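Notes to accompany the following structure.
The values are calculated or read from the model by the stated rules, or taken from the named source; none is laboratory data. Since the model is a prediction, treat every value here as computed from it, not as a measurement. Cβ coordinates were reconstructed from backbone atoms using ideal geometry, including for glycine residues, and neighbour counts include every protein chain displayed. The protein model used for the area step is the full one, side chains on, heavy atoms only, and it has no ligands, DNA or RNA in it. Shrake-Rupley method; radii C 1.70, N 1.55, O 1.52, S 1.80 Å.
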Amino acid sequence: MPDATTTVATLREAMSRFVAERDWERFHSPKNLSMGAAVEAAELMEHFLWLENEASRQLGEDARKKEAVADEIADEACYLLALCNTLGIDLSEAIVAKLAKNASKYPAEAYRGRYRIDD
């Protein structure tokens, strides 16, 4: 199921089925799902801890390390999909709306190449 042919709706439905098959809906409160997402984010960051920027960019060249990072990214995405399912948030609409807000807040002409935002 590559990104090019898999919709967000397909992934949300797969996550919903996975949760339902295990009768986990009762545990999937927004609080628990957001906390789980935070834990998974920390597990993802652990793969890059203490690496210099360039070394972190090269991590994907090692197949074993790349697979481990992919697993953590998938865990994070699953929590976010489950949270969207629980709260009835359309992820695609949320992302498009947030990108529009960010484009207005950080116009490319003013922020291109800058890594610090000075208000």
Problem set entry | Inter-residue pairs, beta-carbon under 9 Å, first farther than 14 Å from Tyr79 by Cβ and in contact (Cβ under 8 Å) with a residue 24 or more places away in the chain and in segment 7-23, second of a type in the set (D, E, K, R) and open to solvent by 60 Å² or more (accessible area, probe 1.4 Å), 6+ apart | Val8/Asp90
For this session: Run down Ile89, Ile95, Ile117 and say which single residue is in a loop (DSSP other than H, G, I, E, B), open to solvent by 50 Å² or more (accessible area, probe 1.4 Å) and at pLDDT 95 or above.
Result: Ile89
For this session: Kindly establish whether Asp23 is of a type in the set (D, E, K, R), open to solvent by 50 Å² or more (accessible area, probe 1.4 Å) and in a loop (DSSP other than H, G, I, E, B).
Result: yes
Exercise. Which numbered condition trips up Cys84, out of (1) at pLDDT 95 or above; (2) part of a loop (DSSP other than H, G, I, E, B)?
Worked result: (2)
For this session: Would you mind telling me which numbered condition in (1) assigned to a helix (DSSP H, G or I); (2) open to solvent by 80 Å² or more (accessible area, probe 1.4 Å) Asp3 fails?
Result: (1)
For this session: State whether the residues of segment 36-56 include one that is of a type in the set (Phe, Trp, Tyr) and surrounded by 11 or more Cβ atoms within 10 Å (Cβ to Cβ).
Result: yes
Exercise. Which residues, taken from segment 6-20, are of a type in the set (S, T, N, Q) and either open to solvent by less than 70 Å² (accessible area, probe 1.4 Å) or in a helix (DSSP H, G or I) (or both)?
Worked result: Thr6, Thr10, Ser16
Seminar exercise, completed: Of the residues in segment 98-114 that are open to solvent by 80 Å² or more (accessible area, probe 1.4 Å) and either assigned to a helix (DSSP H, G or I) or touching a residue at least 12 places away in the same chain (Cβ under 8 Å) (or both), the one that is nearest to Asp23 (Cα to Cα) is Lys98
Problem set entry | Residue check for Ile73: among the β-branched types (Val, Ile, Thr), touching a residue at least 12 places away in the same chain (Cβ under 8 Å) and part of a helix (DSSP H, G or I) | yes
